[in-house]
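Shown next, in structure tokens, is the structure this report addresses.
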Amino acid sequence: MSFELPNEIEETRKRAREFALKEFTSELIDHYDETEEYPNEIRKKVFDAGFITIENPWNMLVAMEEFCRVDPGIGLSALASVFGSEILLLYGTEEQKEKYLYPTLKGEKISAVAVTEPGAGSDVAGITSKLEKIEGGWILNGHKMFITNGTVADHYYLLARSAPPPSKEKRHHGLTLAIVERKWKGVNPVKLKGKLGMRATDTAEITFENVNVPNENIVGEEGKGFYIIMTFFNISRVYVAAQSVGTAQGILDLVFEYLSNKPASFREMEYVQFALAEMNTLVEVARNITYKAAAKVFSFNPDPALTSMAKYYAAEVANQVANMAFKIVGMEASGTKLEKLYRDAKITEIWEGTSEIEKLVIARMILKKIQEAK
Amino acid sequence: MASEEQKLLVSMIEQFAKTELENATQKIEKERISKDLRKKLAELGLFSATLPQSEGGSGIDKKSFSLILMTLAKYSASVAYFTYLQNTLVNELLYKLSNKKEVIAKIGSGELTGTLVHDLNLNFQHEIFIKGLELYGTSNFVTLPDADVHLVMARSEGSSYLVITKPTSTALRKPLGFRGISFGTSIYKEKIENEQIISKEAENILQNHFLETGDQIAAIALGISEAAIEKAIEYSKERKAFESYLYEFQPISAVLSDMKGRIEDMKKALTLAESIQDKMFLKLNSLEIARLASRVALQIYGGYGYLEDLGVERYYRDSMHLTMLASNYIKEIKILSKEIISPEAFKI
Ligand SMILES: Cc1cc2nc3c(=O)[nH]c(=O)nc-3n(C[C@H](O)[C@H](O)[C@H](O)COP(=O)(O)OP(=O)(O)OC[C@H]3O[C@@H](n4cnc5c(N)ncnc54)[C@H](O)[C@@H]3O)c2cc1C
């Protein structure tokens, strides 16, 4: 049994590292952090360099890790320009793929996933955006919140309620997934500025007012949108885990650099050495669980509990390692990238399912096993 | 426990904070503490709060001043730290070490601002030196580098001086926290006069001053913690998920009550801490609680917590920035270990 990734993936990792070091310059990192602009030029370069290939998800995963190691904001922005593509890959019709997926995978279009609403984030079944059937299609009314790529995407994979829930227990029934284009009449995205971190990512609040959605833009079975989104989260969460591992590794790199530049007496202190050992161990474990979860997802044998463990644990590690790094570097962290990574890291405990929601998923899977064993 | 007099003073500051700070916090963070606000804080006597009344100070006892800082920090940690900087790090030191009454009075009245530039919380010494009467060097970690008066710690062959001066040039940058106060680099390159040297034992004096006033940093940390957790408790009573209020979920109410309890314990400890050792532990623990409480609060706010509009992410930045500014864990635990265990402790 080998714990090594195949050579070709390690090659991609190496290339991704070199690419990020060359392209994500300090000036650009500061620029996007300051202005909160979307790094479209870098996105194009990432495409041209061939890092966006959902057919070979391992490449995307290691690119995510290496990009976030250098800058999570720019790195994630570029790679997440195809956000939600797996939805069409798994559930889309050939026409939908032709129109939306393939151009996105060629870098000609940008996609987004619109689930969260002002009143419902963790509680996906609690969303209130409505799809109403009319002749030949649907009318969409609703309000989405915190949507990544919201003002730059060409189209959204959007979840809305198309039928009332049959019962209190079955609130997740009656939700439908639709592809909605940003330029359609009635769609109004507004950029949200002032995020703590990940400021190179585009985030928007979007209202939908009497938007016409043709029948052919419904993805999968009507009323089964919840399952589609949950299947997607099972995939996307491993990428967030990789984002966390990359961020944590980036923090380790900075601590390493700090210690290399300081007199040896500082790193010879056992206190510093223990902190270093603990931080490196945490990141190594986070990476291993992320790859294990990814291996299952990428071989079409997902283990939702493991995926949630990876996402929750890696996020925890990114934040813990950021805190520990400050304890070593102290005031000298001021004005360095460490401050930025501390701000960027926090999002990993929130998006694609908060840490609390991941714990609920894990616990439910375990309880199910207890039930089955009885 | 707080005395009646202390309670009265704190309630007056609370009243002030409610009218002047509560709705202005975002503005303060964006545009920095204005001249007008500085004047109002000065009128309350906060910039020479702990100096004796006979010397034009407010004569507020140190415990009460800590409570004032905690109250201010609940509304604006920037304002609290600014007040601590003016009163404790600049005016108290000037009063202790010099006879610069005019400068003290002007800082007290808010006419001038002051800052202290030192390296005691850094892992390594900063490179500001004094050679003869030539002061030169740079510090990259200056709070309020555009202050009118700089107290600068400069080294010279084994000794350390405290010099009252102005920088030759400054460069500002956006700090992690306390964005209501400017932050950045100060460069010094000038000939000074003898009377500008106000101490030739700067390191010792500053070290002791920091140890003695560590409870004031704890107070600011506790103000941040309390504000963060109170806000999160409030939010947990408004926000619903899965058709229940957030506070109804066991892990949420558990973490909130736990944090609240720890903050209350620390607040009691704040009123009791007398010895240097007490104050040091109080500071380290309060800073840790502030980092934890702000992380919990941000998390409970979910996506909304990540945006500055709701004012929760600020606690997350401020608590870490305060830790960086006012503490060096390795140095402090070393002092404590040597005192508690043995002078030979924390060696290897
Ligand atoms: C920068 C950014 C980008 C985002 N991008 C997208 C995107 O592209 N598409 C999209 O659809 N969404 C996106 N989101 C939304 C994100 O997924 C949600 O913020 C997240 O799911 C949490 O939802 P919420 O903010 O409504 O918090 P809430 O659901 O209101 O949760 C608040 C708190 O309560 C906790 N909680 C909730 N239920 C329970 C429970 N049963 N037990 C214990 N604790 C509980 C949560 O963990 C959290 O701590 C983004 C958010 C941000 C900040």
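The values are calculated or read from the model by the stated rules, or taken from the named source; none is laboratory data. Treat the numbers as computed from the prediction; the structure is a model and nothing was measured. Reconstructed Cβ throughout: ideal geometry from the backbone, glycine too, with neighbour counts over all protein chains shown.
Is at least one residue of region B:168-175 within 14 Å of chain A (Cβ to nearest Cβ) and touching a residue at least 60 places away in the same chain (Cβ under 8 Å)?
For region B:168-175, residues within 14 Å of chain A (Cβ to nearest Cβ) and touching a residue at least 60 places away in the same chain (Cβ under 8 Å): present.
Taking region B:246-273 only, how many residues are away from the ligand (no atom under 16 Å from the Cβ) and assigned to a helix (DSSP H, G or I)?
Residues flagged as away from the ligand (no atom under 16 Å from the Cβ) and assigned to a helix (DSSP H, G or I) within region B:246-273 amount to 13.
Checking the structure you have, find out if any residue of region A:300-310 is surrounded by 24 or more Cβ atoms within 10 Å (Cβ to Cβ), within 12 Å of chain B (Cβ to nearest Cβ), part of a helix (DSSP H, G or I) and within 16 Å of the ligand (Cβ to nearest atom).
Looking for residues that are surrounded by 24 or more Cβ atoms within 10 Å (Cβ to Cβ), within 12 Å of chain B (Cβ to nearest Cβ), part of a helix (DSSP H, G or I) and within 16 Å of the ligand (Cβ to nearest atom), one finds none in region A:300-310, hence no.
Have a look at A:151, A:176, A:247, A:231 and point out the one that is in contact with a Phe, Trp or Tyr (Cβ under 9 Å, 6 or more places away or on another chain) and either within 30 Å of residue B:318 (Cα to Cα) or assigned to a strand (DSSP E or B) (or both).
A:176
Please determine whether any residue of region A:317-326 is within 14 Å of chain B (Cβ to nearest Cβ), within 16 Å of the ligand (Cβ to nearest atom), in contact (Cβ under 8 Å) with a residue 60 or more places away in the chain and within 30 Å of residue B:174 (Cα to Cα).
yes
Is it true that residue B:238 is over 18 Å from residue B:71 (Cβ atoms) and within 16 Å of the ligand (Cβ to nearest atom)?
When the stated conditions are applied, residue B:238 passes them.
With the structure loaded, tell me whether residue A:162 is among the small types (Gly, Ala, Ser), crowded, with 16+ Cβ neighbours inside 10 Å, over 24 Å from residue A:351 (Cα atoms) and not assigned by TED's automatic domain parsing to the domain that holds residue A:348 or whether it fails that test.
Spelling it out, residue A:162 is indeed among the small types (Gly, Ala, Ser), crowded, with 16+ Cβ neighbours inside 10 Å, over 24 Å from residue A:351 (Cα atoms) and not assigned by TED's automatic domain parsing to the domain that holds residue A:348.
Say we look at region A:257-299 and pick out the residues that are more than 23 Å from residue B:334 (Cβ to Cβ) and either within 11 Å of chain B (Cβ to nearest Cβ) or of a type in the set (Phe, Trp, Tyr) (or both); which of these is surrounded by the fewest Cβ atoms within 10 Å (Cβ to Cβ)?
Across region A:257-299, the extreme among qualifying residues is A:298.
Among residues belonging to region A:329-355 that are in a loop (DSSP other than H, G, I, E, B) and more than 8 Å from every other protein chain (Cβ to nearest Cβ), point out the one that is surrounded by the fewest Cβ atoms within 10 Å (Cβ to Cβ).
That would be A:336.
If I ask for residues that are under 19 Å from the mean Cα position of the chain (by Cα) and part of a strand (DSSP E or B), which ones from region B:142-169 would you list?
Matches in region B:142-169: B:142, B:143, B:149, B:150, B:151, B:152, B:153.
Does region B:294-330 hold any residues that are farther than 17 Å from residue A:338 by Cβ, polar (S, T, N, Q) and within 9 Å of another protein chain (Cβ to nearest Cβ), and which are they?
Answer for region B:294-330, where residues must be farther than 17 Å from residue A:338 by Cβ, polar (S, T, N, Q) and within 9 Å of another protein chain (Cβ to nearest Cβ): just B:299.
Evaluate the following for residue A:221: is it assigned to a loop (DSSP other than H, G, I, E, B), farther than 17 Å from residue A:110 by Cα and either within 16 Å of the ligand (Cβ to nearest atom) or away from every other protein chain (no Cβ under 14 Å) (or both)?
It is true that residue A:221 is assigned to a loop (DSSP other than H, G, I, E, B), farther than 17 Å from residue A:110 by Cα and either within 16 Å of the ligand (Cβ to nearest atom) or away from every other protein chain (no Cβ under 14 Å) (or both).
Among the residues of region A:16-49, count how many are touching a residue at least 60 places away in the same chain (Cβ under 8 Å), in contact with a helix residue (DSSP H, G or I) (Cβ under 7 Å, 6 or more places away or on another chain) and either within 19 Å of residue A:60 (Cβ to Cβ) or in a helix (DSSP H, G or I) (or both).
5
Given the criterion surrounded by 19 or more Cβ atoms within 10 Å (Cβ to Cβ), within 14 Å of another protein chain (Cβ to nearest Cβ), farther than 23 Å from residue A:38 by Cα and within 16 Å of the ligand (Cβ to nearest atom), identify the matching residue among A:126, A:121, A:150.
When all the criteria are applied, what remains is A:121.
Residues checked against (1) more than 30 Å from residue A:18 (Cβ to Cβ); (2) near the ligand (Cβ under 9 Å from one of its atoms):
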| site | (1), (2) |
| --- | --- |
| A:82 | no, no |
| A:103 | no, no |
| A:110 | no, no |
| A:137 | yes, no |
| A:159 | yes, yes |
| A:164 | yes, no |
